[in-house]
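The values are calculated or read from the model by the stated rules, or taken from the named source; none is laboratory data. Everything numeric here is computed off the predicted structure, so don't read it as measured data. Cβ placement follows ideal geometry from the backbone for every residue including glycine, while neighbour counts extend to all protein chains displayed.
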Amino acid sequence: MIVLNLQQYPPPSPPPSPPAPVIAFTTPENYAGRLSHLIRLKGWVPLWCPTLTVEPTLHTISSLRRYLHFPDPPLRTFSAVAFTSRTGISAFSEALSAVDSPPLPPDGDIFTISALGKDAELLGESFVLKLCDRPARIRVLIPPVATPSSLAEALGLGEGRKVLCPVPAVIGLEEPPVVPKFLADLRRRGWVAVEVEAYETRWRRGVAVAELVRMMEEEECGVEAMVFTSTAEVEGLLKSLREVGLDWGMVRRMCPRMVAAAHGPVTAAGAEKLGVGIDVVSSRFDSFRGIVDALQSRWNYSQPYQ
């Protein structure tokens with residue numbers, strides 16, 4: 001009888017697991033935590049490379065307060081507020097917190113507040129009560145598709161009524177066509193669309209992409225995907241790359257396996273116009289779950305990590 005000495009003949013070791021894919025994303029800070037969390041839930045490694053600063057300023061908050069101040073808040077002459085971003089809601093809420101009483105009286109026609117997808121989570125009871133102490137007067141509208149054009153359609157015909165539109169002041173970048181098109185859509189539907197600069201969107205200089213560039217310059221690029229959630233982020237990245245002597249074509253050559261992903265068709269179209277080809281587009285863009293699920297579907301189909 002032969003007896004094997006297991007210490008002398010250990011079983012073969014399993015092959016090492018492939019490294020988790022690194023997902024770079026250019027989302028501003030106010031959205032970064034949500035997207036990073038969803039990336040980690042997939043077992044991937046998030047690499048945050050912000051190319052924009054998106055935040056309210058003293059000037060923009062002051063601009064919003066002009067519509068809310070007493071004794072006769074101009075907001076009372078409006079029928080709706082249309083938010084196209086989470087930052088716009090946060091800035092408006094901050095301005096509301098600075099007034100002593102809700103700017104809308106309890107009596108009057110239904111007043112509509114509207115937002116896109118997950119952003120509508122910020123239009124809860126506390127927000128409504130800051131706006132009017134009779135919540136039944138306030139209607140929260142969420143369009144079926146999380147795009148500004150769908151929002152304009154959901155608001156219906158304006159018939160000469162006024163809608164306040166908290167929008168960004170874009171500084172150091174070309175203004176993407178999204179907001180101007182949204183305002184034009186509202187006006188075509190008979191709304192008097194009034195813009196107010198609620199926050200600033202600025203280019204964030206290239207220091208934020210230093211780690212991304214380092215990984216791209218390695219012998220084998222470790223970045224498997226680059227996620228964009230707005231056209232302005234794409235422009236900001238291209239400006240940051242130019243600061244270090246790179247362009248998008250060079251990035252593609254340095255990282256041939258890297259997938260470029262866009263959170264929705266509006267961002268994808270904007271990226272393409274800037275010369276950044278997009279490989280994956282989320283079809284569910286009311287939440288960042290759509291873009292991470294789209295990446296997973298692509299990789300499960302092509303099985304790059306087997």
**Request:** Output the number of the condition that Ala146 fails; it satisfies all remaining conditions of (1) surrounded by 15 or more Cβ atoms within 10 Å (Cβ to Cβ); (2) farther than 22 Å from Glu197 by Cβ; (3) without any contact (Cβ under 8 Å) to a residue 60 or more places away in the chain.
**Result:** (3)
**Request:** Please find, among Ala95, Ala115, the residue that is closer than 23 Å to Thr26 by Cα, crowded, with 16+ Cβ neighbours inside 10 Å and aliphatic (A, V, I, L, M).
**Result:** Ala115
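Which count do you get for residues in region 29-48 that are among the basic types (Lys, Arg) and either part of a helix (DSSP H, G or I) or within 19 Å of Gly206 (Cβ to Cβ) (or both)?
2
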**Request:** Would you check which residues across region 236-248 are surrounded by fewer than 24 Cβ atoms within 10 Å (Cβ to Cβ), touching a residue at least 12 places away in the same chain (Cβ under 8 Å) and not hydrophobic (A, V, I, L, M, F, W, C) and list them?
**Result:** Lys239, Glu243
**Message:** Go through region 124-152 and report how many residues are under 17 Å from the mean Cα position of the chain (by Cα) and not hydroxyl-bearing (Ser, Thr, Tyr).
**Reply:** 6
**region 261-279: number of residues that are surrounded by 20 or more Cβ atoms within 10 Å (Cβ to Cβ) and either touching a residue at least 24 places away in the same chain (Cβ under 8 Å) or among the acidic types (Asp, Glu) (or both)** = 9
**Complete:** Checked against (1) within 29 Å of Ser283 (Cβ to Cβ); (2) out of contact with any strand residue (DSSP E or B) (no Cβ under 6 Å at 6 or more places or on another chain); (3) assigned to a helix (DSSP H, G or I), Pro144 satisfies every condition except (3)
**Request:** Only residues that are farther than 20 Å from His263 by Cα and either surrounded by fewer than 20 Cβ atoms within 10 Å (Cβ to Cβ) or touching a residue at least 60 places away in the same chain (Cβ under 8 Å) (or both): list them for region 213-235, please.
**Result:** Val213, Arg214, Met215, Glu217, Glu218, Glu219, Glu220, Cys221, Gly222
**Message:** Quick test for you: out of Glu243, Glu174, Glu219, Glu200, pick the one residue that is among the acidic types (Asp, Glu) and at pLDDT 95 or above.
**Reply:** Glu200
